[in-house]
Amino acid sequence: MSQKILIVEDEEYIAEMYKIRFEMSGYEIVLAADGQEGIDMAIKEKPDLVLLDLVMPNKNGYQVLEELRANPETKGLKIFILSNLGQKEEIDKGLSLGADGFYVKAHMTPTELLDKIKEIL
């Protein structure tokens, strides 16, 4: 059975780029286009890993992270923030709210991110 990754990302072309790259490596990909949809999909799909953008409509990534960590069904998910906000304050806030890691989109290619995911899963 392939491992499932939930990508919560409001920029459709970015989400599609990661989806195509990860599917080529055998992962099942589920997409959510905003924060609330990300929460709903995480509960419904029970992914092996969540890649979470921070700047999104409806709920931002920090709010999504807090809700997923507070919910008994999703509190154990592996959640990694994937954002272009790379300042120390954002990274520290994300990690303090329970993110398992923080990746800055501009600092890594989809292939580099895929390599990190392979290490995690």
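If the requirement is being of a type outside the set (A, V, I, L, M), over 19 Å from Thr111 (Cβ atoms) and free of Cβ contacts under 8 Å to residues at least 24 places away in the same chain, which of these qualifies: Lys93, Lys46, Lys88?
Sole residue among the options that is of a type outside the set (A, V, I, L, M), over 19 Å from Thr111 (Cβ atoms) and free of Cβ contacts under 8 Å to residues at least 24 places away in the same chain: Lys88.
Of all residues being buried (at least 18 other Cβ atoms within 10 Å of the Cβ) and β-branched (Val, Ile, Thr) in the range 75-121, which is nearest to Gln3 (Cα to Cα)? Just the residue, please.
Ranking the candidates gives Ile117 first.
Residues that are over 23 Å from Leu121 (Cβ atoms) and modelled with pLDDT of 95 or more: find the strands (runs of 3 or more DSSP E) completely inside the range 1-71 holding 3 or more of those.
Correct list: empty, since no element meets the threshold.
The values are calculated or read from the model by the stated rules, or taken from the named source; none is laboratory data. Quick caveat: nothing in here was measured; it's all calculated off a predicted structure. Every residue, glycine as well, gets a Cβ built from its backbone with ideal geometry; the counts of neighbours run over all protein chains shown.
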